[in-house]
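Report on the following structure.
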Amino acid sequence: WKRVLIVNNEFHMQRTRAIFDWIYSLQKEENHNYFFSSSSSSSYEWRYVTCNNVGLSEEALETRRQHEAKGYLNIVNNLAPKYTSLRSVLEFLTTKHTFFTSYKLVELATKDDGNERSDALKKSYGMKEESL
C-alpha cells in the first residue's frame with residue numbers, strides 16, 4: 001500500500017498523527033523482517049480524516065481531549081526520542097505500555113486515585129459507575 005487513509009475521531013487525531021509520523025520515520029533494522037518497511041515514509045501518500053465526536057457527553061469529550069493532549073506530548077517529548085527503532089518500540093509495547101500489558105491495565109482500572117477527571121475518563125470508555 002502506498003496510499004494510506006487514516007480515519008479517527010477529532011479528539012484522537014493529533015496523537016494518532018504523531019504516532020504514525022514517529023513509527024514511519026524509524027529506520028528498518030537490518031536482518032529483520034517486519035510487516036512494513038518504514039525507511040521511507042515519503043513513499044506513502046498520507047491522508048488524515050476526522051469524524052464527528054458522536055455519542056460522548058461534553059464532559060467526556062473534554063476529558064478525552066485532555067487525556068489525548070497529554071498522550072500527544074508524551075509521544076513527542078518522551079517516547080519518540082527514547083524508542084528510535086522498530087525493535088525498541090516493539091519491546092516497549094509488549095513490556096511497558098499500559099494498553100498492551102494486562103497487569104498494568106488491571107492495575108490502572110482498579111486504581112482509586114479519587115480524581116473526578118480520571119473517573120470521567122473511565123466512564124467515557126464504558127466503565128460502570130458501580131466499578132469506580
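Hey, any hits in region 38-60 for a residue that's in a helix (DSSP H, G or I), among the aromatic types (Phe, Trp, Tyr) and either at pLDDT 90 or above or over 16 Å from the mean Cα position of the chain (by Cα) (or both)? So far as region 38-60 goes, no, none of its residues is in a helix (DSSP H, G or I), among the aromatic types (Phe, Trp, Tyr) and either at pLDDT 90 or above or over 16 Å from the mean Cα position of the chain (by Cα) (or both). I'd like the full set of residues that are open to solvent by less than 90 Å² (accessible area, probe 1.4 Å) and either modelled with pLDDT under 90 or over 13 Å from the mean Cα position of the chain (by Cα) (or both), limited to region 67-83. Asn78, Pro81, Tyr83, listed by residue number.
Pairs are defined by a Cβ separation below 6 Å, a sequence spacing of at least 6 or placement on different chains, a first member in region 65-90 that is in a helix (DSSP H, G or I), and a second member that is among the polar types (S, T, N, Q); the pairs so defined are Tyr72/Gln14.
The values are calculated or read from the model by the stated rules, or taken from the named source; none is laboratory data. All values reported here derive from a predicted model rather than from experimental measurement. Counting neighbours? That spans all protein chains shown, and the Cβs are built from the backbone with ideal geometry, glycine included. When the accessible area is computed, the model is the full protein with side chains, heavy atoms only, and any ligands, DNA or RNA have been set aside. Shrake-Rupley method; radii C 1.70, N 1.55, O 1.52, S 1.80 Å.
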